[in-house]
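The block underneath contains the structure these notes are about, expressed in structure tokens.
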Amino acid sequence: MYIGAAVILVVLLAVGSLYVAPPKQVVTQTVTTVPTTPAAKIWLTYADKSSTGKADPAVGSDTPAHRLYPNLYDSLVEFDYKSPANVIPSVATKWDVSSDTQVYTFYLRQGVKFHDGSELTAEAVKFSMDRMMTMKQGVSFMWEGRIKPGNTEVVDKYTVRIKLDKKFAPFLGTMPFFWIVNPTVINAHLEKPGPFGDMGDYGMKWLIAGNDAGSGPYVLKNFKAEESFDLERYEGYWKGWKPNQIYGMHFKAVYEQATIRQLMEAGDCQISGSFQTTEFVKWADKFPGTKVAYSEKPLQPHYLTMNTKKAPFDDKWFRKGLSCLFDYTTYIDQIRIVGDQRLIGPMPRAFWGHNSDLKPYEFSVEKAKEYFAKSKYSDLSKVRELTFSYINVIEYERLAGLLLQAKAAELGLKIKVESLPWGQYVDRVSNPEATPDIVAVTQQGFYAPDPDAILYSMWHTTTSISWSRNPAHYNNPRVDELLDKAREATDQAERTKMYQEVQAIVNDDAPVIFASEEVGFTPHSKQLNGISWNVPYLHWLGMYGMWWEGAPPKGSASAAMSPIAAVILRATKQFDAT
Amino acid sequence: MGYGSYLIRRLLYTIPIIFGISVLIFILTRVIPGDPVKLALGPDATPDMIAQARRIWNLDKPLHMQYIAFIVGFFTGDWGISLRTYNNVLADLARFAPATYELTAVAVSFSALVGILTGIVAATHKDKWQDHISRILSIGGVSMPLFWSGIMLQLLIASYFKLLPIGGRIGDGVTPPVHVTGFYLLDSLFSGNWIAFWSCAQHIILPAFVLSFPSLANINRLVRSAMIDQRSKDYVILQEANGMPRRLIVYKYMLKNSLASAITMIALMFAYSLGGVALVEAVFFWPGMGNYLVQAIHFKDFNAIMSVVVLVGIIIVAANFLVDLLYGYLDPRIRYGEER
Amino acid sequence: MVQRSLQLRRYMTASFFRLAGIPIRGTIKKSLRGISVLEGPQKYRLEGWKRATSRFRRNPLSTTGLVIVIGLVLMGLLADYIAPYPMDAKGRVDFINKLLPPSLEHPFGTDEAGRDVLSRIMFGARIDISSAVTVQLLVTFVGVVLGMVAGYVGGKTNVIIMRTADVFITIPPLVLALAATTAFTPDITTAILAVTIAWWPWYARLVQSVVLSVKEEQFIEASRAIGKSPLSIVFGDIFPNIVSVVTVKFTLDIGFVILFMASLSFLGLGVQPPTPAWGTMISEGKSYLPERWWMSAFPGIFILLAVIGFSLLGDGLRDAFDVQLEE
């Protein structure tokens, strides 16, 4: 009995010693004192509810991918962080366009070094484009039908020419998504046999395992798939470095909202992503050490798509009726909270060519009844139970589902709300039979505010097979015709007219519920600056443009530790703060 | 019936079990509607790529061929490629499994220690208030949803009182110790890395405590009933009659006899905890096998699922075998091979 | 001798599983003692019931269990009438009132869609208890059939069935159930199927050992000698003895099935939102911690209550029927 008590006492003492000083993180990295010492290496921690992403720039096309690529790789041109998304020179200093707009000649700057020290030349550009269009994954869909392997030619060491098989007006706006890889490194890590003949797997496996073959400002280190990775500064980056720019970033996949919150509260995490609950965003707005960067102009439309290939969604009037059952105001004001705007037609107003004559659908039970009466399925109680699907980490989509479900139930229409893991969703939308009835998607704009980015990828028949494009499986020959013509036309006024007609048709057909123009947000520490939301792709993370003010992030300070630990440390002479 | 033949019999018994597990899990995971290949390659894969990948991953062969490939691969260390992480599953597990073992080991050790102690207390104070409290705690321990108790403790201790970290295995920015065993606590001790040790210790306390509840409850009950059984044994009565001090009787004799069964119980507890560890890992975002399995299921990553289940099955079978070994050794009747 | 030590170990194992109510081997104890051959199980049944009820009533713990269980079941059945905001469990949303802390109007607060947590817990009782009972019925059916076949037919069939059961048992139930959900879309049917797959072997083993031991009882020999057909032996003599054992285990396990299914829902692989089930409520509420603790805290308390209630009830039943679940 006494022994038992003694043991418990010892345990309590040991555990208690941990509490004597609040257990702050103790780090072997140096640097305490003065802000803005050139020696201060600013390390950020980024925690978000998403995976680490595929580190091969020809493979990924989603959010985690665009956390990696802008930092590890360079492109010929890039988005201008300082002003509404324009394209400015990056690796290419200037470019010529042929009179038929089908041949682009890029002149590269000299002295751009890959991480292994070799120089970036036109050869690398050709290799990368051929690689991208051979592998046909990732964002290769942007150039599908217009660039094949072989279309790129090396004119001389610093000049490269790309031939387009068909005219493509938005071409330049897509080029920031084309990343240049290091042929030497890739060729050294080909795995044969592989799906690409002589090129084996084109180095895909090696890259995805957590390596980079880039020339960008950061190097990929310590990649633990689905867990974490580090981005560490590449000192030889061609743009050079200024004090207070970020030295490194440590990414952690954290799926618990409460955990991200605690990390930010304690200062252990300085930046997070857009998948948080809006409650969390409200908190970050108010918390003294953090603030939230919002996109200045919403560039992503949020749709509740309806599978137009399956009854009852094959009937236009049914879809219009359902569009009037969604409480847009409650969604925007109570669920999203962050300042979304009403989405009028399929395209946000930030894009040029927006058709301002369109009449949006409003929440009105009366109007809904009117529309339903005109449809084949006017007896709502006889309609089968519909399924509303959402991606399982996105809370506000779930709430939107509950909202729609509640209002629909008032009219006797049954809707079930179901969560889908990302992988399953991708799988199901490729098949019209398996596609969920109603799906919440945020359309990605991908490239500069050219309407083609939003309208083509979503509404053209040929793109109706993939996740970001057309879970509504919408086919309209007139829309296809207009989109094709507009892509190739060069006169902006002409293109505007065509796009406006497209928007009118789509708005009338109502293949999706136009839920909102989504505001993107990034909760971050107040000391972090340079977060830009002018980039069309919502979750693009460009660390080079950020800088840090004030005392280095918490993780760099040497903190108090419990007396016993301190004694032990001193005894073993490990207590060395510098 | 010597010890040797006893062991061999037990060993032979385990083989069909493991075989059965592999068949079972193979069937369960291959009956998948939907196409895991399309999933893995992403939305923009062409039909060629899909056919190609199917060939590489053996998915175009008939089921029994796939099973044979799986078994062969298992022994050669090729446990397939995870469709989610694109890594070799064995490599993934080598990364995640030690975390789970460490957590479970700490949890079981704690539950063993506290369970035995409280069991003794309950037994020696049978039907008094200590006994009743112990019984209530035991029932509570077994009945409480692990994930709920985890969340509640996390809330109280990590969020409100900020005494311990909210989750994870090691503090941010603390470099993990040099890999020796994969057990951070041990590795940091080996390399004298006190900073890492304290960080890991802080992080493991809450999840291990939560995970230990059910085992604690069971060991408590077990030791209590074993000790109570012992009490009525002849030798105890004899010792009491001879005037031997109570404490001596309890700790030297009764405990030893009860411990034999308690020790075998502990190995079983380890195996039993492997079930609940997935929940604790989810709550405390502990990067272990449980989390890996849950993510794999969401992704229909059947290579990973199969490997994890078979691995867990093997561990449990091994634990049972170890128990038989230990028990056979401890029980002199088996060790010296009595005649039947 | 080896048998003895293994038996001893099994006793220990059985004690552990006893608390969880899962027997390794079960036999009918000497309650059968003193029954004359010719009267057979009929007399046992009559006497057994009378003794059982009085024993049950005398035990305060089992009555507590009964009270809790009845309370929860009633709560689920009468939810429509006693819940303050029944529509909140049926799809009504009220975002203006979301995330309110516990108050007089909402004793357990509101959740992220403005729904009253108390009402949802009441309706949740329905889903949780009924799906657990469904699982138990399925499992009992499968287990009893297989167990009876294995026990009565014996020989190779017995070995096959028991070995298969061993394979299933070796994998921790949660892991097995998780793996079983892979093939299907996560929803309540999947969860029920998955739990059934993980749970049936215990019942099969239990029933098999009951059948085996009863088979050897004298009155069966006598019955066969008289010339009773195998079918009537099975249903007339063996079956009644299985009933009490299975009933006890059935009740004991309901609580743990509730716990188990809540774990599945928590991991996102069971009951899907917006159905109010306790496990999903806890997982939905997780994202709003730490300030909004009420959404996760209260459902968990009810799960705890349910498990304790059914365990006590089952324990009481076991003592009452004097069924010994270890050798």
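All of the numbers you see were taken from the coordinates with simple rules; none came from a lab. No experiment lies behind these values; they were computed from the predicted model shown. Methodologically, a virtual Cβ is constructed for each residue, glycine included, from the backbone with ideal geometry; neighbour enumeration extends over all protein chains shown.
Could you tell me whether chain A comes out rounded, prolate or oblate from its Cα gyration tensor? Rule is a ≥ b ≥ c as square roots of the eigenvalues, rounded for a/c under 1.5, then prolate if a/b exceeds b/c, otherwise oblate. Walk me through the intermediate numbers first.
Working: a/c = 2.06, a/b = 1.23, b/c = 1.68.
Cα axes put chain A in the oblate bin.
By the gyration tensor of its Cα atoms, with a ≥ b ≥ c the square roots of the eigenvalues, what is the shape of region A:341-424: rounded for a/c under 1.5, prolate for a/b over b/c, or oblate?
Working: a/c = 2.29, a/b = 1.11, b/c = 2.07.
Taking the square roots of the gyration eigenvalues as a ≥ b ≥ c, region A:341-424 is oblate.
Which whole number gives the average count of other chain Cβ atoms within 10 Å of the Cβ atoms across peptide C:255-266?
Working: counts 2, 2, 0, 2, 6, 2, 0, 4, 9, 1, 1, 8.
Mean partner-chain Cβ count within 10 Å for C:255-266: 3.
Counting Lys +1, Arg +1, Asp -1, Glu -1, what net charge surrounds C:Leu312 among other residues with beta carbon under 12 Å of its beta carbon?
Once positives and negatives cancel, what remains is 0.
For region A:74-209, rounded, prolate or oblate, judged on the Cα gyration tensor with a ≥ b ≥ c (square roots of eigenvalues), a/c < 1.5 rounded, else prolate if a/b > b/c?
Numbers: a/c = 1.66, a/b = 1.36, b/c = 1.22.
Note, shape of region A:74-209 comes out prolate.
Enumerate the calculated ³J(HN,Hα) couplings along region A:324-340 in order (Karplus 6.51 cos²θ - 1.76 cosθ + 1.60, θ = phi - 60°), each rounded to whole Hz, writing x wherever the residue is Gly or Pro.
So the J values, rounded to whole Hz, are 8, 9, 8, 7, 4, 5, 4, 4, 6, 7, 9, 8, 7, 6, 8, x, 4.
Taking H placed 1.01 Å from N in the peptide plane, check which residues at least 5 places from A:Phe223 or on another chain put their amide H under 5 Å from its amide H.
Long-range HN contacts for A:Phe223: A:Asp230.
Just need the relative contact order of region A:74-209 here, percent rounded to a whole number, with Cα pairs under 8 Å and 6+ apart. Present the calculation step by step, with values, prior to reporting the outcome.
Values: 227 pairs, mean separation 32.8, N = 136.
In percent, rounded to a whole number, it is 24.
Considering amide H positions built from the backbone, and no H for Pro or chain starts, which residues 5 or more places from A:Thr159, or on another chain, come under 5 Å of its amide H?
Amide H neighbours of A:Thr159, under 5 Å, 5+ apart: A:Leu108, A:Ala122.
Taking every residue in B:291-300, how many Cβ atoms of other protein chains lie within 10 Å of its Cβ, on average?
Values: counts 4, 2, 5, 4, 6, 3, 10, 13, 7, 6.
Counting Cβ atoms of other protein chains within 10 Å of each residue's Cβ and averaging gives 6.
When Lys and Arg each count +1 and Asp and Glu each count -1, what net charge do the other residues less than 12 Å away from B:Pro287, Cβ to Cβ, add up to? Walk me through the numbers on the way to the answer.
Values: positive: A:Lys224, A:Lys252, B:Arg95, B:Arg169; negative: A:Glu226, A:Glu227, B:Asp92, B:Glu102, B:Glu281.
That works out to -1.
Report relative contact order for chain A in percent, whole number only (criteria: Cα-Cα under 8 Å, sequence separation at least 6). Show your work: numbers first, answer last.
Working: 1211 pairs, mean separation 128.6, N = 578.
For chain A, the relative contact order is 22 percent.
Calculated FRET efficiency, B:Leu248 and B:Lys128, Cβ-Cβ r, R0 25 Å, to nearest 0.05?
That gives a FRET efficiency of 0.70.
Starting from the alpha-carbon convex hull of region C:61-326, give the projected area averaged over all orientations, in nm².
Values: hull surface 65.1 nm².
Over all viewing directions, region C:61-326 projects a mean Cα-hull area of 16.3 nm².
Apply the Karplus curve 6.51 cos²θ - 1.76 cosθ + 1.60, θ = phi - 60°, to the phi angles in region C:284-289 and return the couplings in whole Hz, x for Gly and Pro.
Working through the residues one at a time gives 5, x, 4, 5, 10, 6 Hz.
Does a label point 7 Å from the Cα of A:Ala504, set along Cα-to-beta-carbon, have any residues of region A:343-370 with amide nitrogen under 12 Å, and which are they?
Within reach of a label on A:Ala504: A:355-359.
Residues of C:93-101, mean number of Cβ from any other protein chain within 10 Å of their own Cβ, rounded to a whole number? Each step should come with its number before you reach the end.
Values: counts 12, 3, 11, 3, 1, 4, 1, 0, 0.
Taking all residues of C:93-101 together, the mean is 4.
Summing +1 for each Lys or Arg and -1 for each Asp or Glu, what net charge is found among the other residues whose Cβ lies under 15 Å from the Cβ of C:Thr275?
Values: positive: A:Arg398, A:Lys414, A:Lys416, C:Lys90, C:Arg92, C:Arg115, C:Arg120, C:Arg126; negative: A:Glu385, A:Glu418, C:Asp88, C:Asp111, C:Asp128, C:Asp187, C:Glu284.
Net charge around C:Thr275: +1.
What are the DSSP H helices in chain A that stretch 24 Å or more along their long axis, judged by alpha-carbon atoms, and whose average Kyte-Doolittle hydropathy comes to at least 0.0? The partial results should precede the final answer.
Values: long enough: A:2-20 (26 Å, 2.44); A:492-509 (25 Å, -1.11).
Passing helices, by number: A:2-20.
Suppose a student asked you for the relative contact order of region A:262-389, using Cα pairs under 8 Å spaced at least 6 residues apart; what percent would you report?
Working: 109 pairs, mean separation 33.7, N = 128.
Relative contact order comes out at 26 percent.
By count of other Cβ within 10 Å, fewest leading, how are A:Arg109, C:Arg92, A:Arg495 ordered?
Working: A:Arg109 14, C:Arg92 19, A:Arg495 23.
Placing the least packed residue first, the sequence is A:Arg109, C:Arg92, A:Arg495.
Long-range amide H contacts for A:Arg233: which residues qualify at under 5 Å (H placed 1.01 Å from N, peptide plane, sequence gap of 5 or more or a different chain)?
Those qualifying (amide H under 5 Å, at least 5 residues apart or on another chain) are A:Val219.
Given the DSSP H assignment, sum -39500 (n - 2.57) over each helix run of at least 4 residues in chain A and divide by its residue total; what's the result at 222 nm in deg cm²/dmol, nearest 500?
On the way: 16 runs with 164 residues, N = 578.
Calculated from helices alone, the mean residue ellipticity at 222 nm is -8500 deg cm²/dmol.
Give the Rg/Rh ratio for region A:382-529, taking Rg as the radius of gyration of the Cα atoms and Rh as the Kirkwood radius, to two decimals. Don't jump to the answer; show the numbers that get you there.
Working: Rg = 17.6 Å, Rh = 17.2 Å.
Looking at region A:382-529, the ratio lands at 1.02.
Can you give the Kirkwood hydrodynamic radius of region B:110-239 from its Cα pairs, in Å with one decimal? Walk me through the intermediate numbers first.
Details: mean 1/r = 0.0589 Å⁻¹.
This gives a value of 17.0 Å.
Taking the Cα-to-Cβ direction at B:Thr76 and at C:Leu74 and moving 7 Å from each Cα, how far apart do the two end points lie in nm?
Taking the simple label geometry, B:Thr76 and C:Leu74 are separated by 6.7 nm.
For the pair A:Asp96 and C:Glu216, how long in nm is the line joining their label points, each one 7 Å along Cα→Cβ?
In this crude label model, A:Asp96 to C:Glu216 measures out at 9.9 nm.
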